[in-house]
1. Residues in the range 317-329 that are in a helix (DSSP H, G or I) and in contact with a helix residue (DSSP H, G or I) (Cβ under 7 Å, 6 or more places away or on another chain): how many?
2. Which residues, taken from the range 188-223, are part of a loop (DSSP other than H, G, I, E, B) and over 29 Å from residue 96 (Cβ atoms)?
3. Residues in the range 157-170 that are out of contact with any helix residue (DSSP H, G or I) (no Cβ under 6 Å at 6 or more places or on another chain) and without any contact (Cβ under 8 Å) to a residue 60 or more places away in the chain: how many?
4. Considering only the range 257-316, state which residues are in a loop (DSSP other than H, G, I, E, B) and modelled with pLDDT under 95.
């Protein structure tokens with residue numbers, strides 16, 4: 001990474017998040033009858049809005065991630081139990097694979113720097129469909145280059161307000177015409193497993209959308225399974241690993257789980273397309289939803305190592321969910337920390353793969 005890129009990255013970390021941009025932009029007397037807030041993280045966005053003096057809006061918080069929506073709901077419950085606060089607004093936490101197409105008076109859409117252009121357009125069109133006629137869409141983006149996106153918004157609204165700051169850009173438009181026809185951003189891929197092709201589907205927001213999932217391919221190529229076993233595909237994404245496991249072991253019970261509602265939708269679509277009867281899906285809130293010592297195998301893709309804390313949390317989940325003697329197999333690009341920690345917690349630790357994609361295998365002690 002160049003010095004200029006590193007400097008820009010440091011500068012971006014110091015800027016307020018898009019959720020804060022929206023909070024700062026909204027007038028003190030902002031009072032729609034019904035409003036929808038989109039959240040992908042635990043930034044205090046909906047929480048801050050609920051604490052606005054005199055706000056009597058019905059505020060719906062939406063996320064594709066069930067873990068996020070559940071934790072925000074718990075925070076709101078705790079907030080309302082505080083007798084020193086007066087919360088007049090209504091609240092509802094929603095999680096689904098698509099934004100609700102309800103006639104909201106206002107939709108608030110914070111966009112992450114990490115969102116692809118396609119994901120941004122998908123979210124924007126969905127937000128417009130969530131608005132009633134005369135409703136207002138307010139968007140905050142941390143990006144500083146927005147020519148194409150600004151043009152896109154101008155095709156949706158007769159007037160687009162655009163406010164630029166060092167932290168990003170806030171856009172606002174009022175819906176005065178019908179939204180464009182619903183467009184699908186779905187992508188189909190296929191891999192060969194033995195003599196048959198297995199199909200998988202992704203949507204924006206699902207891991208490796210429109211990109212070759214090399215980590216999953218590495219895991220599928222190298223994983224070792226036995227039939228009539230119980231297999232957990234954790235953070236299943238498109239479900240392609242679960243499909244390969246079910247095809248290779250037709251009498252196994254394969255459980256594909258994810259916190260992302262879109263990932264579960266894509267996995268269910270792949271199950272139907274591939275005519276698999278032994279794969280079941282579950283949209284989970286988090287690790288607590290996974291039963292203890294229930295699986296012979298745990299398969300997952302941990303492409304990116306984010307922190308030692310999260311790495312440790314993942315390995316402890318594996319220890320809890322695997323049966324004694326159960327086998328953990330996962331693919332990753334950054335194996336060094338995992339390899340050392342696996343030697344402390346598991347037996348029969350092995351590393352396979354090459355260049356950028358590796359598979360680690362380790363057995364839970366008997």
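The values are calculated or read from the model by the stated rules, or taken from the named source; none is laboratory data. All of these numbers come straight from a predicted model, not from anything done at the bench. Reconstructed Cβ throughout: ideal geometry from the backbone, glycine too, with neighbour counts over all protein chains shown.
1. Our first condition is that a residue be in a helix (DSSP H, G or I); within the range 317-329, this holds for 317-321.
After this cut, where a residue has to be in contact with a helix residue (DSSP H, G or I) (Cβ under 7 Å, 6 or more places away or on another chain) as well, the list is 317, 319.
Adding up the residues that qualify gives 2.
2. Keep residues of the range 188-223 that are part of a loop (DSSP other than H, G, I, E, B), which gives 194-195, 203-213, 223.
Those that are part of a loop (DSSP other than H, G, I, E, B) and over 29 Å from residue 96 (Cβ atoms): 194, 195, 223.
3. The qualifying residues number 7.
4. The initial filter retains those residues of the range 257-316 that are in a loop (DSSP other than H, G, I, E, B), namely 259, 275-278, 284-286, 290-294, 302-307.
Within the range 257-316, 286, 302, 303, 304, 305, 306, 307 qualify.
This table checks each residue for (1) in contact (Cβ under 8 Å) with a residue 12 or more places away in the chain; (2) assigned to a helix (DSSP H, G or I); (3) surrounded by fewer than 21 Cβ atoms within 10 Å (Cβ to Cβ); (4) assigned by TED's automatic domain parsing to the domain that holds residue 237.
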residue	(1), (2), (3), (4)
36	yes, no, no, no
41	yes, no, yes, no
74	no, yes, yes, no
105	yes, no, yes, no
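Results for (1) touching a residue at least 24 places away in the same chain (Cβ under 8 Å); (2) surrounded by fewer than 16 Cβ atoms within 10 Å (Cβ to Cβ); (3) farther than 22 Å from residue 252 by Cβ, shown as yes or no for each residue.
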| residue | (1), (2), (3) |
| --- | --- |
| 288 | no, yes, yes |
| 296 | yes, no, no |
| 299 | yes, no, no |
| 303 | yes, no, yes |
| 307 | no, yes, yes |
| 323 | yes, no, no |
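To keep it simple, each residue is scored yes or no on (1) surrounded by 14 or more Cβ atoms within 10 Å (Cβ to Cβ); (2) in the same structural domain as residue 273 (by TED's automatic domain parsing); (3) farther than 16 Å from residue 106 by Cβ.
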position	(1), (2), (3)
122	yes, no, yes
134	no, no, no
137	yes, no, no
142	yes, no, yes
146	yes, no, yes
155	no, no, yes
168	yes, no, yes
182	no, no, yes
194	no, yes, yes
